[in-house]
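What follows is one structure encoded as structure tokens, with my remarks underneath.
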Amino acid sequence: DTARADALLEGLNTEQREAVLHGGSPLLIVAGAGSGKTRVLTHRIAHKLATHQVRPSEVLAITFTNKAAGEMRERVESIVGPAARSMWVSTFHSACVRILRREHAALGMRSSFSIYDSADSQRLLTLVARELDLDVKKYPARALASKISKLKDELVDPDTYAQSSGAASGEADQFDAVLSSVYTRYQQRLRAAHALDFDDLIMTTVHLLQAFPEVAEHYRRRFRQILVDEYQDTNHAQYVLVRELAAAGEQGVPAELTVVGDADQSIYAFRGATIRNILEFEADYPDARTILLEQNYRSTQTILTAANAVISRNPGRKPKRLWTDSGAGPQIVGYVADNEHEEARFVAEEIDRLGDAEGVRPGDVAVFYRTNAQSRALEEVLIRVGLPYKVVGGTRFYERKEIKDAVAYLRAIANPDDDVNVRRVLNVPKRGLGDRSEAMIAAFAERERISFGAALERADEAPGVGTRAVTGLRAFAELMSGLRDLADSGAGPAEVLGAVLDRTGYLAELRASDDPQDGTRVENLAELHAVATEFEQAEPDGDLTDFLERVSLVADSDQIPDVREGEDVEAAVAAAREQGVVTLMTLHTAKGLEFPVVFVTGWEDGTFPHLRSLADPDELAEERRLAYVGLTRARLRLYISRAAVRTAWGAPNEFPASRFLDDVPEELVDWKRKESSMAVLRAGGSSGWGSGASAWGGRGGSGGSRPRRDLDSPVVTRKALPSTGATFGSATPRPAGDVPSLEIGDKVTHDAYGMGTVVAVEGAGPNAVAKIDFGTDGTKRLLLRYSPVTKL
Ligand code: ATP
Ligand code: MG
């Protein structure tokens, strides 16, 4: 055993060893990326077991994914044998489920309680909203779900919320009062159904431990080693849960608590994670020991220097230096593309070239981007050149629900007899058309031997359909025939798609929601709109049917099994490597992982950092941490690229270089192409990179230049890769200096929508996006540089 324990300490540096050997007081390991934090946790458990300081059943280790938990358990098991099986190694959610299944009696629940996923809880919220007779347009289920989820992250139960919001005393504003009653009713119905939603798992466990001292005492006695990985991303509820479990209890001796994390990698503030948990650990646990790890074992010095340079610009952080003795390694490769398609082609060509020149396999490569919508351009090129890939932690572009919904509409418009697609969109977004009415219409259609769509127009003749349903069904039929008229009048696919998203209220519903996922859906739909626009440019004679044919071809070429949302990220990555396929993922999903070759794409102000962070210092700091996470995933080769023009929000935009690039020391980067061909062609235009001058004067640059239309970049005409036919839309931006600077409350006029009032502004200067309420025309989100808006 001693030999085994000693062997565990070999292959660790001094600080790592100290962390493994530490006993007694709480232990905080704060350290930069790749410094062995996760490795220390594993070795610490194994060592405590091998030296009999703790029994397996006394261990509780919390990891970020189930796969990480599995790996940790396996490694410990290989050292101490099958006894390790009685350790608890799991995510926060799984640990809570285990506790709740055991203690269900105290809560008055069946042990077989159900766990509602987000679709289930939204369905329940829709029922609650109906029961309370709420206007679903004003209070969409998604928005309510996201608010309630945030309250639960903060451990605010319905009664507490009724008090704190003033709803109980009648002093709350309308929204808070509604939210309070929805929350109360929702929670009652969950309870009646013996169900818990995802956020309840943590909140209920905390309440259980706090309300039942004997239950808390049981777990405090049981768990003597508590370890938490990625501690920087715990939210308040998780923080309190750990505190409850690691409290002293009656025996007076608290469990040994070890948390590891990196404040610089905190990237889940939008989900309620609070960096405070790590920054104030020492204050919360006065006798805590802190160990810093500074040696990085993952990346080359070049990669680390770049990552350090970027993160060091964040205010209020504890400075730390990461170093490695693995040598400088190759330079970072940089590339400035004319547009996102060319950027994607660059990535594909490099992967190909690395394969030929250095034997790099696709499975060694990961490509990161800021938002899911960006995967589309990459996917298209990878499909065309036949490089196998996998989108991890998200759904392939054409398999995303919002994209399928939109395409289903287009199909239903192109073919009124396409029953499957007509029925798919019948109640999307929700129009109160129930399954029963649908079944009645289907039966009527069958009897009359007409299509479902045709039957809709004669809904009043169908037996068993109530008058209200008839009205709804006919309204839907009219909506569809209006859209068909538009398509028949020669409107292109982009215009038809725009009309679909607008007239159905689909986009409005997503925009009204403050769930970040719905923001993503809007971005994806904007991306689909861009696909349609490009199609129109490339094939001026093509109609809706031609466009749909092309979409089917691309969508069907997905040969590799899809990775679903909520699926185990590390398992998917491992599978991708085994299959030898390129891994595509967002920067958020990449946390904790490592790859020999990493491409971080889209380094543009407005893409990364994200547009909505530009005006908010806190959000900008989080974006910078995301950059740090991304750069530090690379072991050997790192690529950074940007596109001078990217289609976003439905229009091609010229984006300045990301401000983060300015911080990467120039000698570390080998720029294969440093300026887009536009920058060269533009009279007097200074380059975006290096000088700090952006292409359109975002930060004291030259400004005033407009993107050229119909750019023929050298790469587009290259024959090695087939062209995606990318050209640019007709939207002509105004010079940066002419973008009106708007504030909330300003009155404006718009050429098409007329008078409006500004209700929100995101970003500044040429990146500014304003949300403007145009009264009966609705609220629009407009990129001011491309919108005919005048301030009054
Ligand atoms: P992140 O912040 O990204 O989660 P981390 O701090 O958890 O990173 P690990 O994933 O534990 O870092 O380690 C990074 C890499 O370095 C792994 O491949 C690990 O096996 C290796 N490593 C860690 N410590 C040592 C060591 N002392 N000797 C050799 N390799 C090590
Ligand atoms: Mg780790």
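The values are calculated or read from the model by the stated rules, or taken from the named source; none is laboratory data. All figures in this text were calculated on a predicted structure; none of them were measured in a lab. Ideal geometry is used to build each Cβ from the backbone, glycine not excepted, and the neighbour counts take in all protein chains shown.
Can you tell me which of (1) surrounded by 23 or more Cβ atoms within 10 Å (Cβ to Cβ); (2) assigned to a strand (DSSP E or B) is the one Leu304 doesn't meet? Going through (1) surrounded by 23 or more Cβ atoms within 10 Å (Cβ to Cβ); (2) assigned to a strand (DSSP E or B) one by one, Leu304 breaks only (2). Checking Ala46, Ala83, Ala61, Ala69 one by one, the residue that is more than 16 Å from ligand 2 (Cβ to nearest atom) and either surrounded by 24 or more Cβ atoms within 10 Å (Cβ to Cβ) or modelled with pLDDT under 90 (or both) is Ala83 and no other.
For residues that are more than 16 Å from ligand 2 (Cβ to nearest atom), within 16 Å of Asp284 (Cα to Cα) and of a type in the set (A, V, I, L, M, F, W, C), tally how many sit in region 236-270. So the count comes out to 10.
The residue that is farthest from the chain's Cα centre (by Cα), counting only those in region 201-255 that are within 16 Å of ligand 1 (Cβ to nearest atom) and part of a strand (DSSP E or B), is Leu227.
If we scan region 216-229, do we find a residue that is touching a Gly at 6+ places or on another chain (Cβ under 9 Å) and either within 29 Å of Gly34 (Cβ to Cβ) or within 16 Å of ligand 2 (Cβ to nearest atom) (or both)? Looking through region 216-229, at least one residue is touching a Gly at 6+ places or on another chain (Cβ under 9 Å) and either within 29 Å of Gly34 (Cβ to Cβ) or within 16 Å of ligand 2 (Cβ to nearest atom) (or both).
Summed over region 1-11, residues that are of a type in the set (A, V, I, L, M, F, W, C) and either more than 14 Å from Ala50 (Cβ to Cβ) or free of Cβ contacts under 8 Å to residues at least 24 places away in the same chain (or both) total 2. Exactly one residue out of Arg612, Arg635 is surrounded by fewer than 24 Cβ atoms within 10 Å (Cβ to Cβ), more than 16 Å from ligand 1 (Cβ to nearest atom) and among the basic types (Lys, Arg): that is Arg612. Is it true that some residue in region 1-9 is under 25 Å from Ile267 (Cα atoms), more than 27 Å from the chain's Cα centre (by Cα) and away from ligand 2 (no atom under 13 Å from the Cβ)? No, region 1-9 has no match at all. In region 5-13, the condition of being more than 21 Å from Val89 (Cα to Cα) and away from ligand 1 (no atom under 14 Å from the Cβ) is met by at least one residue. Test Asp287 against the criterion of being within 16 Å of ligand 1 (Cβ to nearest atom) and not hydroxyl-bearing (Ser, Thr, Tyr), and give yes or no. It is false that Asp287 is within 16 Å of ligand 1 (Cβ to nearest atom) and not hydroxyl-bearing (Ser, Thr, Tyr). The C-beta contact set for region 460-486 (first residue without any contact (Cβ under 8 Å) to a residue 40 or more places away in the chain, second residue polar (S, T, N, Q), distance under 7 angstrom, 6+ apart or interchain) comprises Val465/Ser437; Ala469/Ser437; Leu479/Thr504. Residues of region 406-422 that are in a helix (DSSP H, G or I), farther than 18 Å from Glu495 by Cβ and of a type outside the set (A, V, I, L, M, F, W, C): Asp419, Asn421. Taking (1) crowded, with 18+ Cβ neighbours inside 10 Å; (2) in the same structural domain as Leu21 (by TED's automatic domain parsing) in turn, Glu250 satisfies each apart from (1). Exactly one of these conditions fails for Glu230: (1) over 21 Å from Thr258 (Cα atoms); (2) crowded, with 22+ Cβ neighbours inside 10 Å. Give me its number. Among (1) over 21 Å from Thr258 (Cα atoms); (2) crowded, with 22+ Cβ neighbours inside 10 Å, Glu230 violates only (1).
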